[in-house]
Every structure is written in C-alpha cells, then in structure tokens.
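First the structure, in the form of structure tokens, and then the observations on it.
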Amino acid sequence: DFLILFFCLPVVIFNEITKKRLLGDMSCRIVPFMEVSSLGVTTFSLCALGIDRFHAATSPQASTRPIEQCQSIIAKLAVIWVGSMTLSVPEILLWQLAQDTSPVSGGVTEFCTMKPSSNLPESIYSLVLTYQNARMWWYFGCYFCLPILFTVSCQLVTRRIRGTEKKSECRGTKHGQCESHLNCTIIALTIIYGLCTTPENVCNIVVAYMSPDMSKQTLDLLNLINQFFLFFKCSVTPVLLLCLCRPLGQAFMDCCCCCCEGCGPDTTSSEGSADSKLKTEMSSSIFFDKPRETPPPLLALGTPC
C-alpha cells in the first residue's frame, strides 16, 4: 500500500496535470505491475488470514499448539509476495507508451496503451496476447472473487465451529474477545477491499463489451477512476488496520513517540499496567496464536465451578 501511494500516485497525478508520462515508458510498465502486485498481495494475505483463523478455531488444544517460528512466517510472506509479483509479470510486457495529438490544445500527449510490443519473441508474444484476452476474467476471478469467497467461507465455518464449542464448554473471556476482534478485523479489511475493487471490475466488464461505442476520453476517465479507487484502498487499509488491531496500533504509537519525552507508559499507575497486560495477552500474530493460559488446578476441597 505504501509503495502504491509513494510511487504510483505521484506518477498518475503528474500525468494528468502535464499530459506527460513521468519516467516515460518505464512508468507505463512499472505502475500496472505494482498495482496488480498490490492486489495479489492483498488477495493472498486475506486467504492466509482466513486459513489462520480457521486453524485457530479447529485446533483441539491451543495450549499444546507451539508458537510458529519466525522463519516459517517469513517463508509464508515470501510465498505471498513472490507469487503476487510472478503473476503480475505479464503486465510489464503488456503495456507501452504511446503519443497522440490533443484535438483541443493541439499539443502532443503521452498515455499508456495495452498493446504488447511486436519485438517480443513469438512464443512470449502469443502468451501475452492470451493474457490480454483473458485478463478481464482472470482479474475478476483471482483478485475479486477469490479473496471474498475464501474469507466468507472461512468465517462461516469458523463461526459454526465456535458455536458448537460454546454449547459444550465455556471459553475464556479474554481469548474469546481476542478471537472475535481478529475476525472483525479480517471482515472489515475484506469489505474495504471488495468495495474498492468492485467499480474496476464492473468497468472492465462494461468496457470489454462496449468499448467500440465509447470514446477515448470516456475510457481514460474510467481508468483514472479505477486507479483512484485503488489509491483510496491503499490509504484506508493501513489506517483501518491500526485502528481495529489495538496491539498493532499501540505498538505503532509507541514507535512514533519513542523519541518524544513524556510519551512512555506510566509504569507507576496500576490501571495502566493492567491495561498493558491485557493488551499483551490479547495481542496475537496474524499467522499464529499464542497458547491459551492453562486454567488453575482445582482445589481438593469445595465444588469445582
């Protein structure tokens, strides 16, 4: 998200203001590549989060579940990022810079067009053409339907399992609140992602069947709207994550205030220490859960409740 905002957004704004493409043909290839890679990272991250929540709900004994090693988490992140970038490689070969004369001002304007270069080898050229013809439905199925359906399915199964468990045994209050909070965070991220990618998929389908009847100005406007929806998603997602995920938001604020005097936590306050302890207990990694606290042993006398 930050790469999209700090690199792609200035390039698009500069092009709209000056009608000149910043960095020339390179930006025409890198910007779509980064945008599709961003969608891929979000898609596969939501799928990984859904699997993690499902695994946490179906784990028979969380106390015996070991904390996942850092190397395993890095490996999963590497698979998500490398896979997303690999699936986005055709975007580099699909786009190129083109020039046209503006009918209004008469000046030369630069724009990016979806047209593979004829200098490519024949085998690669045919593959890029195949990707171009199937791009709309691939975009719709992989980057829109997959994360939404995957997240909804995992949430429904998780809720059903938790409902069955609640009937048979009483779950810990703190852990139950943590699990519910994490599920709400994933649902909120999926809703934002779905709302921001719906206009682009609708426009892609409409343009695919009505492009001969639409002017170039209309197509450029729809493309610009789709890009700014993507920029809006990239702006809202980190803020939403920091607001909903309290341990992550608190850690972010601590990092921002680490150089300021008087921003450290009040260690003498019992209330502050209790809140800090609660946040620490509720904090959970996005790829694994910390073991639940083992219940205290039952007393030899009295009635166990």
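The values are calculated or read from the model by the stated rules, or taken from the named source; none is laboratory data. Here the structure is a predicted model, which means the values were calculated and not measured. We place every Cβ from the backbone using ideal geometry, glycine too, and count neighbours over all the protein chains shown. Just so you know, the surface numbers come from the protein's heavy atoms only, side chains and all, with ligands and any DNA or RNA stripped out. Shrake-Rupley method; radii C 1.70, N 1.55, O 1.52, S 1.80 Å.
If you go through region 16-58 and pick out every residue that is hydroxyl-bearing (S, T, Y) and under 11 Å from the mean Cα position of the chain (by Cα), you end up with 5.
Scan region 113-131 and tell me whether some residue there is of a type in the set (V, I, T), without any contact (Cβ under 8 Å) to a residue 60 or more places away in the chain, in contact with a Pro (Cβ under 8 Å, 6 or more places away or on another chain) and surrounded by 15 or more Cβ atoms within 10 Å (Cβ to Cβ). Yes, region 113-131 contains at least one residue that is of a type in the set (V, I, T), without any contact (Cβ under 8 Å) to a residue 60 or more places away in the chain, in contact with a Pro (Cβ under 8 Å, 6 or more places away or on another chain) and surrounded by 15 or more Cβ atoms within 10 Å (Cβ to Cβ).
Taking the numbered list (1) farther than 30 Å from N183 by Cα; (2) open to solvent by 70 Å² or more (accessible area, probe 1.4 Å); (3) not in a loop (DSSP other than H, G, I, E, B) in turn, V82 passes all entries but (1). Hey, any hits in region 154-164 for a residue that's touching a Gly at 6+ places or on another chain (Cβ under 6 Å), modelled with pLDDT of 75 or more and either more than 17 Å from H55 (Cβ to Cβ) or not aromatic (F, W, Y) (or both)? Within region 154-164, one or more residues are touching a Gly at 6+ places or on another chain (Cβ under 6 Å), modelled with pLDDT of 75 or more and either more than 17 Å from H55 (Cβ to Cβ) or not aromatic (F, W, Y) (or both). Evaluation of F54 against the conditions (1) in contact with a Cys (Cβ under 7 Å, 6 or more places away or on another chain); (2) open to solvent by less than 60 Å² (accessible area, probe 1.4 Å); (3) not in a loop (DSSP other than H, G, I, E, B) shows that the sole unmet condition is (2). Which members of region 12-28 meet the condition of being surrounded by fewer than 18 Cβ atoms within 10 Å (Cβ to Cβ) and not aromatic (F, W, Y)? I13, E16, I17, T18, K19, K20, L22, L23, G24, D25, M26, listed by residue number.
For region 86-116, a residue qualifies if it is part of a loop (DSSP other than H, G, I, E, B) and modelled with pLDDT under 80, and the qualifying residues are S102, P103, V104, S105, G106, G107.
Restricting attention to region 230-247, the residues being without any contact (Cβ under 8 Å) to a residue 40 or more places away in the chain and surrounded by fewer than 16 Cβ atoms within 10 Å (Cβ to Cβ) number 4. A count restricted to region 132-152 and to residues that are in contact (Cβ under 8 Å) with a residue 60 or more places away in the chain and aliphatic (A, V, I, L, M) stands at 2.
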